[in-house]
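The values are calculated or read from the model by the stated rules, or taken from the named source; none is laboratory data. It should be emphasised that the depicted structure is a prediction, and the values quoted were computed from it without experimental measurement. Neighbour counts run over all protein chains shown; Cβ positions are idealised from the backbone, glycine included.
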Amino acid sequence: AQRVTQPEKLLSVFKGAPVELKCNYSYSGSPELFWYVQYSRQRLQLLLRHISRESIKGFTADLNKGETSFHLKKPFAQEEDSAMYYCALGGSSNTGKLIFGQGTTLQVKP
Amino acid sequence: GAGVSQSPRYKVAKRGQDVALRCDPISGHVSLFWYQQALGQGPEFLTYFQNEAQLDKSGLPSDRFFAERPEGSVSTLKIQRTQQEDSAVYLCASSTGVGNTIYFGEGSWLTVV
């Protein structure tokens with residue numbers, strides 16, 4: 001079955017500390033992985049996708065097929081990074097639909 | 001408009017009422033999705049349209065849920081005889097096509113009392 005697991009509901013760090021938001025997936029084919037972010041009172045928006053291999057707002061994520069993981073990392077957290085982060089899995093159909101994890105709230109304290 | 005627009009933003013329905021939620025996708029976007037997001041959960045896929053064709057409705061939880069997109073633009077998600085477990089945020093999203101970036105609306109918050 002296709003599934004995305006985000007084991008942490010809440011991650012709280014101090015400003016300037018490194019951040020790692022965990023994401024594991026279950027998928028038998030060739031996955032497409034995404035990170036979406038939802039800032040307070042804003043809509044869900046794409047943060048990054050693994051195929052583009054780019055860094056957005058200092059965040060990076062590497063697809064590890066051996067560990068079936070796609071953890072999101074940032075070396076130095078900023079207060080404006082506080083938001084809800086969702087890992088999502090795609091590529092399973094010809095529709096492009098996404099399967100989301102339950103989300104992790106990142107709280108960056110001053 | 002600049003983004004995916006949904007209405008109403010908030011809806012309170014009495015149990016047993018029918019509700020209709022509207023989605024205006026980004027102009028020219030072929031693909032349209034509906035997701036349901038319960039409190040504390042991630043969005044869950046409901047249904048997908050490519051233009052006016054509903055190609056995937058595997059996520060609709062029961063036959064009380066119905067979606068349409070008759071002219072390939074605006075879409076309506078209808079829930080008949082609402083029940084308390086239908087309380088959730090209903091998200092609409094659109095994209096230019098399969099594999100392209102999916103843009104989400106702000107959601108319609110449905111509370112069934």
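When the range A:77-91 is examined, which residues are found to be more than 10 Å from chain B (Cβ to nearest Cβ) and either surrounded by fewer than 21 Cβ atoms within 10 Å (Cβ to Cβ) or at pLDDT 95 or above (or both)?
Listed by number, the residues that qualify are A:A77, A:Q78, A:E79, A:E80, A:D81, A:S82, A:A83, A:Y85.
Would you point out the residue of the range A:9-35, among those that are surrounded by fewer than 16 Cβ atoms within 10 Å (Cβ to Cβ) and under 27 Å from A:G96 (Cα atoms), that is nearest to the other protein chains (Cβ to nearest Cβ)?
The residue in question is A:K9.
Quick one: count up the residues across the range A:1-40 that are part of a loop (DSSP other than H, G, I, E, B) and in contact with an Asp or Glu (Cβ under 9 Å, 6 or more places away or on another chain).
3
Could you check, for the range A:45-64, whether at least one of its residues is of a type in the set (D, E, K, R) and within 14 Å of chain B (Cβ to nearest Cβ)?
Within the range A:45-64, one or more residues are of a type in the set (D, E, K, R) and within 14 Å of chain B (Cβ to nearest Cβ).
Kindly list, by first and then second residue, each pair from a residue in the range B:59-78 that is touching a residue at least 60 places away in the same chain (Cβ under 8 Å) to a residue that is not small (G, A, S), limited to pairs with Cβ atoms under 8 Å and residues at least 6 apart or on different chains.
Close Cβ pairs (under 8 Å, with a partner that is not small (G, A, S)) amount to B:K78/B:D18; B:K78/B:V19; B:K78/B:L21; B:K78/B:F65; B:K78/B:F66; B:K78/B:E68.
Consider the range B:84-113. How many of its residues are at the interface with chain A (Cβ under 8 Å from one of its Cβ atoms) and either basic (K, R) or not in a strand (DSSP E or B) (or both)?
9
Answer yes or no as to whether B:W109 is within 10 Å of the chain's Cα centre (by Cα) and at pLDDT 95 or above.
For B:W109, the condition - within 10 Å of the chain's Cα centre (by Cα) and at pLDDT 95 or above - is not met.
In the range B:31-64, which residue that is facing chain A (nearest Cβ under 9 Å) and of a type in the set (D, E, K, R) is surrounded by the fewest Cβ atoms within 10 Å (Cβ to Cβ)?
Among those that are facing chain A (nearest Cβ under 9 Å) and of a type in the set (D, E, K, R), it is B:E44.
Is it true that A:K97 is over 11 Å from the mean Cα position of the chain (by Cα), of a type in the set (D, E, K, R), more than 14 Å from chain B (Cβ to nearest Cβ) and within 26 Å of B:G40 (Cβ to Cβ)?
No.
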